[in-house]
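Have a look at the structure below, then the notes.
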2 protein chains.
Amino acid sequence: MANMFPFSSDRQTKEAANLHELNEPLTDHSEGQLFLNETFKIIMEEVLRKGTDVKEKVCEWKEPEELTLLLDLELRATGEPQHKLLQRVKDVAKYSIKTSHPRFFNQQFAGVDYHSLAGRFLTESLNTNLFTYEVAPVFVLMETEVLRGLRQLVGWTEGDGIFCPGGSTSNMYAMNLARYRLFPDVKSQGLWGLPRLTIFTSPESHYSVKKGAAYLGIGTDNVILVKVDDGGRMRPDDLDEKIKLAKSQGSVPFLVSCTSGTTVQGAFDPLDRIADVCEKHELWMHVDAAWGGSVLFSKQHRHLMKGVDRANSVAWNPHKMLVAGLQCSALLLKDTTNLLKQCHSANATYLFQQDKFYDVNLDVGDKSVQCSRKVDCLKLWLMWKAVGSDGLEERVDKAFIHVRYLVEQMKKREGFHLLGEPEFVNVCFWYIPPSLRGKEGTADYQDRLAKVAPVIKERMMKQGTMMVGYQPLGNRVNFFRVIVFSPLVSQRDLDFFLNEIERLGNDL
Amino acid sequence: MANMFPFSSDRQTKEAANLHELNEPLTDHSEGQLFLNETFKIIMEEVLRKGTDVKEKVCEWKEPEELTLLLDLELRATGEPQHKLLQRVKDVAKYSIKTSHPRFFNQQFAGVDYHSLAGRFLTESLNTNLFTYEVAPVFVLMETEVLRGLRQLVGWTEGDGIFCPGGSTSNMYAMNLARYRLFPDVKSQGLWGLPRLTIFTSPESHYSVKKGAAYLGIGTDNVILVKVDDGGRMRPDDLDEKIKLAKSQGSVPFLVSCTSGTTVQGAFDPLDRIADVCEKHELWMHVDAAWGGSVLFSKQHRHLMKGVDRANSVAWNPHKMLVAGLQCSALLLKDTTNLLKQCHSANATYLFQQDKFYDVNLDVGDKSVQCSRKVDCLKLWLMWKAVGSDGLEERVDKAFIHVRYLVEQMKKREGFHLLGEPEFVNVCFWYIPPSLRGKEGTADYQDRLAKVAPVIKERMMKQGTMMVGYQPLGNRVNFFRVIVFSPLVSQRDLDFFLNEIERLGNDL
């Protein structure tokens, strides 16, 4: 095995000198704290000041080969001096995407909230694990309170819940709970004794429904896609028919996964009418509100999720629209029978001793599928304390107002063609360059239009002026999806966005 | 629905004043950065200076009811002024466990590495998602390099891998990959068409093997427990027999999950001999080295994992012994056929567009089961750059030396009774208080001994002097498991540990 050992340096003298000095810890606190201090300054300057300044770039594009060389990523036997490491910190900051920049419209995360970020730094420094009250007393209680606050917005005065590493995991948890409720023996015996199970969702739902079906042994073929209306919303009539059809074919429907805020179009499935269908067929109703859930903070817009209180479970990612920072994903449950723990527990005696001196119900770790679980509640709690529900409501409302403005401006400009009226803060549109205008009927129009967005995207990234995503959807060729919600965005940034698309695409 | 809305305050005037000022972002950078600065100072003082000072407490125990009141956790409609929020930051720090404290011996995480912590702060501030090169150019390349470095230590010059949210998830990924390799149709069709599948592991393996079997639809009954030797190591002869028996009963064995560093005893399964059995039966060999993997850095101790290069997959958590900070869990694969992506991909067109202007193989996000994925590589990379492989080797070697010292001291003291000679850095022992010494044969001895550890634990937590875990195991009643590896620990802390156990338990 010796020849497999990749790193080597002469250690014999060092061993004699260091290893036997048992009384000296390996850590040099003053040097370490100095380094942390310097890193903090770099973060403040490069990431938070420059990284949010519209006069600075959103990204510093480099080809992967060049970036690999610039970063000198190789890991070696010997360490490096502090000044060199600080240069590395600067390089990482420099070549990373400035996702907090007001002109980063690329994903469903953007912007920065300083209170949340403070909570995240504190979380990292406290470095604990949310599994027992013993090692996380503050966070066990805090998570409970944050989940209660979120559940209250759903309309539930009681229930359960847990923070998960991402919305996909939340959706999979819901899938597992729905399956377990119907067939508790699945936990010990697996799926073999059971009839074929089926899940219902729309083709515009998040891909995690299919990934979850594959992972949980159910299979993607057993995810049945329900038709959507023109706006991308699940059709309850088709849901009812598909459920009946599945039953007639011998499968057992057990879960309807609806979406509040679809990934591309931002559509909200009609929850109230879907709840009627779920009640009729006695199915678990899960709402993937990872993206759209934050409308529940807004008195003006929460009607989009009318009926959510009739669901069994809701996945909601405050790391998206509320800017809590990645990752912050809550799974909320109406259940009051301790289903989460029954379904997931393994009763490890080394961690969840029953003879502890405090109430062992506070050891929440056996509710999760994983063991180590990051503390994701502090950042949301501190931000919520800082701005209140009113402040979070204001963010949501302002995002809608920005979108209304953006849509109005698009309608005034010749080259912008909306897919439809946005229901949420996703604005989907084609940019039609001058050379293509008025040629909608020509044979190669769709092919040529499909090539526009990728070229504009390449240009904006190479120039670093902004970032926005594009994609095809069904039979609709590549279109842009601009997401507007960052609290750092102003009307000027929206005007810039429109001008920049025109500037980058005018010659195409 | 209006009556369900939990938070309310008069918003009408505010709306007029704020919401329509589209040109003003909601974020006040200078106020926010000031808050972040003040929080950073609190972290430096309360968490990093006091929190690592042996003259300060490891924990400030409060009953949950009292702590709930102290923290004022309730979430309200209106926000709070900065000075009040800073007090909250202080309170969270004060009542949280100081897991970096040299006398926190409670879990498989402890200590602090300042370079890693700097990497974590930078990660949080950059707030991106490891799914595309587009939004995470630096981290896509960096993760690749870190995984290569870890694989090299396993003994593989090529392969694949991914960082997962915790070791349990890594183990479940391996389970899913092993299943998919054998039956690729499981992804689309689920388990129904397949024969019953069985997994083999030892009773001392981590509980995530059973949790994974339940979650993936295989069922905990289909996890077959292989006998262990006196040291808690899986017996290859029994493995071979159990596999044959399972086959004769009509099930299809598909995975052996071995452990390098069991959770309680720190045992290393004999990988080379297990590999022989796996090869004979053509089974996927997974090594859960979440805890023990770090011995691979040590020329002196890597023999404990001899044969690991014959495995198909290895789970390794640098957030444990290497002090990279929670969470940092790598799944390493020998596979070079892109199994990870084939098994997990959903090909979402909104994220993984195939007509991007760069090499889309850099968009690694479809290798994961989840969608959002935190950047967990930067902290490890920066720490590795800072101290080199040699520095990490030194940490591992020093931990073993500390353990040797601790064990020698225990043998010299009357009240300490080891379960056995430690193979790793877990030291398992009973503390026998004076009243129980020499009474090993009496009828209620085991019952009385079982009550010792919980009382000592309660006392140490209420006094805040240190933290160490205890548990029963099989027919062995409650014993302590002290974990020694933090780079902040010195011999003085080990002496303190022994004295403190005696002080707290002498009257029992």
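Residues in region A:354-368 that are more than 27 Å from B:LEU85 (Cα to Cα), open to solvent by 10 Å² or more (accessible area, probe 1.4 Å) and at the interface with another protein chain (Cβ under 9 Å from one of its Cβ atoms): how many?
So the answer is 5.
Any residue that is surrounded by 22 or more Cβ atoms within 10 Å (Cβ to Cβ) and in contact with a His (Cβ under 9 Å, 6 or more places away or on another chain) - is there at least one of those in region A:267-280?
no
Does B:LYS374 count as open to solvent by 10 Å² or more (accessible area, probe 1.4 Å), more than 7 Å from chain A (Cβ to nearest Cβ), at negative phi and among the basic types (Lys, Arg)? Spell out the reasoning first.
Details: open to solvent by 10 Å² or more (accessible area, probe 1.4 Å): yes; more than 7 Å from chain A (Cβ to nearest Cβ): no; at negative phi: yes; among the basic types (Lys, Arg): yes.
Here the answer is no, as B:LYS374 does not meet what is asked.
Is it the case that region A:173-181 has a residue that's out of contact with any helix residue (DSSP H, G or I) (no Cβ under 7 Å at 6 or more places or on another chain), open to solvent by 10 Å² or more (accessible area, probe 1.4 Å), farther than 13 Å from A:HIS286 by Cβ and of a type outside the set (S, T, N, Q)?
no
List the number of the failed condition for B:PHE121; all other conditions in (1) more than 7 Å from chain A (Cβ to nearest Cβ); (2) within 30 Å of A:THR52 (Cβ to Cβ) hold.
(1)
May I ask you to say which residue of B:TRP284, B:TRP291 is farther than 18 Å from B:LEU130 by Cα, within 12 Å of chain A (Cβ to nearest Cβ) and either buried (at least 19 other Cβ atoms within 10 Å of the Cβ) or at pLDDT 95 or above (or both)?
B:TRP291
When you scan region A:224-233, how many residues do you find that are among the aliphatic types (A, V, I, L, M) and surrounded by 22 or more Cβ atoms within 10 Å (Cβ to Cβ)?
Number of matching residues: 1.
Return the total of residues in region A:234-262 being crowded, with 20+ Cβ neighbours inside 10 Å and either among the β-branched types (Val, Ile, Thr) or at pLDDT below 95 (or both).
So the answer is 4.
Residue-wise test of (1) open to solvent by 60 Å² or more (accessible area, probe 1.4 Å); (2) at pLDDT 95 or above; (3) small (Gly, Ala, Ser); (4) out of contact with any helix residue (DSSP H, G or I) (no Cβ under 9 Å at 6 or more places or on another chain).
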{"site": "A:ALA2", "(1), (2), (3), (4)": "yes, no, yes, yes"}
{"site": "A:THR13", "(1), (2), (3), (4)": "yes, no, no, yes"}
{"site": "A:SER30", "(1), (2), (3), (4)": "yes, no, yes, yes"}
{"site": "A:LYS62", "(1), (2), (3), (4)": "no, yes, no, no"}
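Determine whether B:GLU394 is at the interface with chain A (Cβ under 7 Å from one of its Cβ atoms), farther than 25 Å from B:HIS286 by Cβ and either open to solvent by 20 Å² or more (accessible area, probe 1.4 Å) or assigned to a helix (DSSP H, G or I) (or both).
Yes, satisfied.
Of the residues A:GLU66, A:GLU38, which is part of a helix (DSSP H, G or I) and more than 9 Å from every other protein chain (Cβ to nearest Cβ)? Show your work before the answer.
Numbers: A:GLU38 fails: more than 9 Å from every other protein chain (Cβ to nearest Cβ).
Result: A:GLU66 is the single residue among A:GLU66, A:GLU38 that is part of a helix (DSSP H, G or I) and more than 9 Å from every other protein chain (Cβ to nearest Cβ).
Select from region B:90-101 the residues that are open to solvent by less than 10 Å² (accessible area, probe 1.4 Å), without any contact (Cβ under 8 Å) to a residue 24 or more places away in the chain and not in a loop (DSSP other than H, G, I, E, B) and list them in ascending order.
Scanning region B:90-101 gives a single hit, B:VAL92.
Listed residues B:THR78, B:THR144, B:THR169, B:THR68; which is among the β-branched types (Val, Ile, Thr), within 30 Å of B:ASN312 (Cα to Cα) and open to solvent by 30 Å² or more (accessible area, probe 1.4 Å)?
Going through B:THR78, B:THR144, B:THR169, B:THR68 in turn, the sole match is B:THR144.
Considering only region A:421-508, give the strands (runs of 3 or more DSSP E) lying wholly within it that have at least 1 residues that are touching a Cys at 6+ places or on another chain (Cβ under 7 Å) and facing chain B (nearest Cβ under 10 Å).
Here the list reads A:467-473, A:476-483.
Within region A:34-57, how many residues are under 14 Å from B:ILE43 (Cβ atoms) and open to solvent by 30 Å² or more (accessible area, probe 1.4 Å)?
So the answer is 1.
Is there any pair with a first residue in region A:75-88 that is facing another protein chain (nearest Cβ under 7 Å) and closer than 14 Å to B:GLY149 by Cβ and a second that is assigned to a helix (DSSP H, G or I) and open to solvent by 80 Å² or more (accessible area, probe 1.4 Å) whose Cβ atoms are under 9 Å apart and which are 6 or more apart or on different chains, and what are they?
Pairs found: A:LEU75/B:ARG148.
Please enumerate the residues belonging to region B:102-126 that are over 19 Å from A:SER372 (Cβ atoms), open to solvent by less than 10 Å² (accessible area, probe 1.4 Å) and in a loop (DSSP other than H, G, I, E, B).
If the condition is that a residue be over 19 Å from A:SER372 (Cβ atoms), open to solvent by less than 10 Å² (accessible area, probe 1.4 Å) and in a loop (DSSP other than H, G, I, E, B), then B:PRO102 is the only one that fits.
For region A:185-194, does any single residue satisfy the condition of being open to solvent by 10 Å² or more (accessible area, probe 1.4 Å), touching a residue at least 60 places away in the same chain (Cβ under 8 Å) and within 11 Å of chain B (Cβ to nearest Cβ)?
There is at least one residue in region A:185-194 that is open to solvent by 10 Å² or more (accessible area, probe 1.4 Å), touching a residue at least 60 places away in the same chain (Cβ under 8 Å) and within 11 Å of chain B (Cβ to nearest Cβ).
Could you check region B:207-227 and list, in sequence order, the residues that are closer than 18 Å to B:GLY167 by Cβ and at the interface with chain A (Cβ under 7 Å from one of its Cβ atoms)?
B:TYR207, B:SER208, B:LYS210, B:LYS211, B:ALA214, B:TYR215, B:LEU216
For residues that are in a helix (DSSP H, G or I) and crowded, with 23+ Cβ neighbours inside 10 Å, tally how many sit in region B:377-388.
8
Which members of region A:381-391 meet the condition of being closer than 30 Å to B:LYS320 by Cα and facing another protein chain (nearest Cβ under 9 Å)?
Result: A:TRP381, A:LEU382.
Kindly provide the set of residues from region B:453-477 that are over 20 Å from A:ASN23 (Cβ atoms) and open to solvent by less than 10 Å² (accessible area, probe 1.4 Å), ordered by number.
Within region B:453-477, B:ALA453, B:ILE456, B:LYS457, B:MET460, B:MET461, B:GLY464, B:MET467, B:VAL468, B:GLY469, B:TYR470, B:GLN471 meet the criteria.
Exactly one of (1) within 13 Å of another protein chain (Cβ to nearest Cβ); (2) within 26 Å of A:ILE162 (Cα to Cα) is unmet by A:VAL252. Its number?
(2)
The values are calculated or read from the model by the stated rules, or taken from the named source; none is laboratory data. Note that the structure is predicted; figures quoted are calculated from it, not measured. For neighbour counting, all protein chains shown are included, and Cβ atoms are generated from backbone atoms with ideal geometry for every residue, glycine included. What goes into the accessible areas is simple: the full protein's heavy atoms, side chains included, and nothing from ligands, DNA or RNA. Shrake-Rupley method; radii C 1.70, N 1.55, O 1.52, S 1.80 Å.
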